[in-house]
Every structure is written in structure tokens, then in C-alpha cells.
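Each remark here refers to the structure printed beneath this line.
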Amino acid sequence: MKERKIRILEAIIQDYIQTGAPVGSRTLSKKYDLKLSSATIRNEMSDLEELGLITQPHASAGRIPSDKGYRLYVDSLMGKEDLSPELSNVIGKMLHDKINNIDSLIEETAKLVALTTNYATIASTFSMNEPIVKKVQIMPLEPKTIACIVITDSNLLKHQLILADIEVTDLLANQLTAILNKIIVGMTAMNLRQCNLDMIDQTYKPLVIKIINTVIQILSEKDYSHVFSRGTTNILEFQEFNDMQKARELLELLDKKPYLTSLLSKSATNTVNISIGEENNLEPMKECSVITTTYKVGECTLGSIGIIGPKRMNYSQVVSLLEQISTQLTKMFGKDFI
């Protein structure tokens, strides 16, 4: 696109973020130093609409950004907004004061983010301890398909299907369960990688090895042991959610831990991930944007933090805030926990 189209698109997005009102050519001409006539601005807006970057809510209204327009903005046009020294100091002091209690630290961080941005905040912490096998159960589902069920010391139940090379009867499943419970109960994933299987009958040994490798995989999966949200009712303050039915559906969704976990899992690294409107798979989230990032201990991800707001959220502020919090948390844990 030509530079003036980009300038007009930026102005529309910035104005709509601030006001929530559709933006017309006269508003752009008066408020922004575009050095373009209203007629030229209208022509450029028409082109931007044809490109799918802005839309017109109804015939007599100005324009608002489309999901595609927001995506172009956050990927290519958005600048970084410096946090105020006061806010930076508040964040630093709070993190330092809460360093000895990770759950309390992340909860207070989420509260601060919700208060600062006036958006909803979600966060998670992983368990710092390696899970230990408390019990394992093998169940035959089909002649050569079994379910491996593992219960950990934190009473977390996980299961995975395994394709066997031999037929597994009820009797054999019970025998395997008894053998495995003698061998692996009380072990972590690291212990299991070194366990001695010399006493296992060679007929069943390949299947036992496959089961143990599955248990190792289950134990190695990150567990969002604490997932919570703060400031979810902030959503109700935005005009996009004046429809009480839509607001109720959104609040109910944000009260579901599995869904919050799925949102936070989008950030696999400590880079910032942004999902806009239709990029969110469930209907109540179509008017929202979700911005998430992670924090680490060394190279190991310790948890995630994210912000949910209307599509017209202040992206530059939110990204800067999350980047600073992620950096400070990662630096702090690297210093105090490694």
C-alpha cells in the first residue's frame, strides 16, 4: 500500500481504539495531520474498504477496522509504547516483594495488569515439582489397543491410548498392571528413564517398554496446576458487550479453566502471541482479542500470562506491559531459582 493509505489506516485504528466510534473523513482531516483533503481521504478509505482492512457498520456511519486491518496493524504498523517510570517501579517492587511465593506473585501480577489495562487478565503457574507415579492401570479397549491410566502424587489423572503388538486380554492387562505398579510407583519421569527391566518376560518386554515410555511422556507434560482470571467483569465496561446475552456467554466461558488453559497454551515461547476476533475459535470470543506470553526458569517455561479485551484494545500498551512483566519474571526466576 501507498504510505498515505497506511497513515489513514493507522489513524482510523488509533481513533477507534480511543473512542469506540466509527471514524469519518472529516474526523481524520480535523484531528490528524494527514495533509490531505477530505475528498482524498474518502477515496483512500474506499480503497481500504475494498482491501478488507476497514468496514462500514451501516450506510451513514464512518469506518471501523476489520480483523484483517487489526492484524496488519499489530504485525507491521504498531509501535511500542513505553511504560511510565511509576508503573515500572510498581511492577518491580511488587515482583520483588512476592518472590518467595510464586502463586501469590502471579496472582498479584494478574490483578495489577487487570487494574492497569482495565481488561481481563488470565494467568497460570506450572508445578515446580516433578510429578511422581502414584498408580498405573492398564485397560484393554480392543484386542490390540489399551488405555494407560496414570495417577500422580497430586491426584492428577491422565491417560493415553497405546497400540500393542500383541493381543491384550483382561488377564494380561491385570498382570501388566501388577508388574508396572511394582516397578514404577514412586518414580518420576527421570527415574523411569533409568529403571531396570531385566526381570520382565521377553514376550511382554516390548509392550512394557512402550507403556513406560508413554508414562514418561505423560509425566513430562506441563500441568497448568493453577489457572485463574482477574478483572473479567472489566469486559462489561466496553460497548461491544452491551448485549447482556453475549456478555453472559463470554463471562461463562472465561470461568472455565480448560478454556483458559487453551488460550494460554498459544504462547509456547516467551514471545507475545496475539489472536484477533475471528482467529478465536469460539463465538463468544469473536469480539475479543487475546494477547499472551510466557515466563521461564532458565529454558523451562514456568507459566503464562494473558490479557483479554475488545478488538479495539490498546495493543501497543498491552504488548509493552506483557513484555516487561515476562522479562522481569524470567530474569527474577533465573537469578533466584537456577
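The values are calculated or read from the model by the stated rules, or taken from the named source; none is laboratory data. Just so it is clear, the model here is predicted, and its values are computed rather than measured. Here the Cβ is made from the backbone with ideal geometry for all residues, glycine too, and neighbour counts use every protein chain on show. With ligands, DNA and RNA removed, areas are computed over all heavy atoms of the protein, side chains included. Shrake-Rupley method; radii C 1.70, N 1.55, O 1.52, S 1.80 Å.
For the range 233-265, the set of residues classified as buried (at least 17 other Cβ atoms within 10 Å of the Cβ) and not in a helix (DSSP H, G or I) consists of Phe238, Leu254, listed by residue number.
For the condition closer than 30 Å to Ser326 by Cβ, crowded, with 19+ Cβ neighbours inside 10 Å and without any contact (Cβ under 8 Å) to a residue 60 or more places away in the chain, Leu112 qualifies.
Quick check on the range 232-282: of everything there that is hydroxyl-bearing (Ser, Thr, Tyr) and within 14 Å of the chain's Cα centre (by Cα), which residue is modelled with the lowest pLDDT? If we take residues in the range 232-282 being hydroxyl-bearing (Ser, Thr, Tyr) and within 14 Å of the chain's Cα centre (by Cα), then Thr269 is modelled with the lowest pLDDT. Answer with yes or no whether Ala59 is on the phi < 0 side of the Ramachandran plot and in a loop (DSSP other than H, G, I, E, B). When the stated conditions are applied, Ala59 passes them.
Every condition in (1) within 24 Å of Thr116 (Cα to Cα); (2) more than 31 Å from the chain's Cα centre (by Cα) holds for Ile179 except the one numbered (1).
When Ile162, Ile151, Ile209, Ile216 are screened for being in contact with a Ser or Thr (Cβ under 6 Å, 6 or more places away or on another chain) and hydrophobic (A, V, I, L, M, F, W, C), only Ile162 passes. For the range 281-318, taking the residues that are in a loop (DSSP other than H, G, I, E, B) and more than 20 Å from Asn242 (Cα to Cα), the one that is least open to solvent (accessible area, probe 1.4 Å) is identified as Gly298. Within the range 166-202, restricting attention to residues that are part of a loop (DSSP other than H, G, I, E, B), open to solvent by 90 Å² or more (accessible area, probe 1.4 Å) and more than 21 Å from Ile218 (Cβ to Cβ), the residue that is modelled with the highest pLDDT is Glu167.
Residues in the range 49-88 that are buried (at least 16 other Cβ atoms within 10 Å of the Cβ), out of contact with any Gly (no Cβ under 9 Å at 6 or more places or on another chain) and polar (S, T, N, Q): 0 in all.
Filtered by the rule that a residue be at pLDDT 80 or above, over 30 Å from Lys182 (Cβ atoms) and part of a loop (DSSP other than H, G, I, E, B), the range 95-151 gives Asn118, Tyr119.
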